[in-house]
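Read the structure below first, then the notes.
The values are calculated or read from the model by the stated rules, or taken from the named source; none is laboratory data. The shown structure was predicted, so the numbers you read here are calculated from the model rather than taken from an experiment. Positions of Cβ are backbone-derived with ideal geometry, glycine not excepted, and every protein chain shown enters the neighbour counts.
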């Protein structure tokens, strides 16, 4: 089963191709009614999931117009979009007076005009970098440059963060019980999914009002996570805990589309439009990105007979994987983490990820977002995309994550979900969040072979350049890589290039190729579209 539509597959056609795709998009979809989603969820959860997924698909493809609220009043002269932040525009209704404060743009009318490679919902080339001025310096030397990341399978990212957070908060609670039971200071080494997050210490104190023992925490030893112990992985700096928060932030800054739950009835961008994105719209967009197909690998496709690799290519990729471990790259780029309960839910049911009060000040429940009627799906079974039948007749859902023996999900995300100091070469010009200009959450390597350029600013034109930019806590691994011979370094790159994003849905192949040919577009390069599959899938060349 697949609900993928041809417009979602915006293959890398260059900027002219992107413009053609934008122009060809369907008319704006209607707003999604959250109450309708709630009703569907109570009647038939599986049908509600597909309903939300399809609505999110339409919203992601849509080319929004000013009538719907895209763009913002950037200046008094009617400018609606800007590639450069305009902190010089300070009059009422101009760029710097928007609420919430604007960090960027707006720059686009649709999500897929930037998230475009290797196909829709993917990453973006350098010309589509976001240019951000969150501190409103008006100084181009202090602007932040952000390369467009891919949006695939992000439900697994949130679920790992949720389960890690639950483990860390449980250890915090146990520490309080310990110090109050023993009446003495104590510490705990914080760990979640085997990842070390430093030390939390506590002293027993009496609540001045109740006289009950409470723990006075010393959080100075916590590492790689905020002091509230909520693991945040969305945004290049890990500034958002949930897909929902990440999406409404991006919609405001990149599209000028302000969600009701962000601004209420207020016209925060002074474009004369309110009600630009409904609560249901945000639910649908979150479910859609959460359930998109997962990144895969050339080795996995070859294993199922979906790609031809020579014996030498297989050996080189496998050797590169071993060398990554020997260089201790996988200390931070942890290959696989397990989700114990692989159910993604919107709204989230996890403390630290569930909003009872929206940024607008309105109660989530009053807006229809009801934890008793969530939209949910299983990460190991329900991904609608990349369902394939192999030449051997085997039916596979390669969009879903592999299932562990105990029913959990095995997620090859190549990250430890922890922040690290990465050295001067990877530092922002300003420290926006207060934990260090050169501190970043470990970027995922999933799909790295399909999503160049690399690094947060797209400044690495090759994977080799990206590795050589590592410093700080990663300096020893970088030095180990640099000390290798040419063939060994090439093997590591081969392994990274093996981690790909691919469209395995065959049913619209002929139609899409015909459309691409009619536009004069070249057939996609093999490095970005690694395989194309037909109804019963024979081996194909990478």
Item to complete: Determine whether the stretch 406-429 contains at least one residue that is surrounded by fewer than 16 Cβ atoms within 10 Å (Cβ to Cβ) and closer than 21 Å to residue 444 by Cα.
Response: yes
Discussion item. Need the failing condition index for residue 475 against (1) out of contact with any helix residue (DSSP H, G or I) (no Cβ under 7 Å at 6 or more places or on another chain); (2) in a loop (DSSP other than H, G, I, E, B), just the number.
Written reply: (2)
Item to complete: Residue by residue through the stretch 116-133, note down the ones that are touching a strand residue (DSSP E or B) at 6+ places or on another chain (Cβ under 7 Å) and modelled with pLDDT of 95 or more.
Response: 123, 131, 132
Response to the item:
Scanning the stretch 339-394 residue by residue, the ones that are in a loop (DSSP other than H, G, I, E, B) and within 30 Å of residue 264 (Cβ to Cβ) total 23
Item to complete: Considering each residue of the stretch 277-320, count those that are in contact with a strand residue (DSSP E or B) (Cβ under 7 Å, 6 or more places away or on another chain) and assigned to a loop (DSSP other than H, G, I, E, B), and give that number.
Response: 4
Worksheet entry | Selected residue (only one of 227, 216, 205 is assigned to a loop (DSSP other than H, G, I, E, B), surrounded by fewer than 21 Cβ atoms within 10 Å (Cβ to Cβ) and in contact with a strand residue (DSSP E or B) (Cβ under 9 Å, 6 or more places away or on another chain)) | 227
Discussion item. Testing residue 442 on (1) surrounded by 18 or more Cβ atoms within 10 Å (Cβ to Cβ); (2) touching a helix residue (DSSP H, G or I) at 6+ places or on another chain (Cβ under 6 Å); (3) within 24 Å of residue 197 (Cβ to Cβ), one condition comes back false. Which one is that?
Written reply: (2)
Discussion item. For the stretch 252-267, give me each residue that is at negative phi and either out of contact with any helix residue (DSSP H, G or I) (no Cβ under 8 Å at 6 or more places or on another chain) or not in a helix (DSSP H, G or I) (or both).
Written reply: 253, 254, 255, 257, 258, 259, 263, 265, 266, 267
Discussion item. Of the residues 165, 199, only one is at pLDDT 95 or above and either part of a helix (DSSP H, G or I) or under 18 Å from the mean Cα position of the chain (by Cα) (or both); which?
Written reply: 165
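Quick grid of which residues meet (1) farther than 30 Å from residue 399 by Cα; (2) surrounded by fewer than 18 Cβ atoms within 10 Å (Cβ to Cβ); (3) touching a strand residue (DSSP E or B) at 6+ places or on another chain (Cβ under 8 Å); (4) modelled with pLDDT under 95:
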position	(1), (2), (3), (4)
34	no, no, no, no
52	no, no, yes, no
65	yes, yes, no, no
111	no, no, no, no
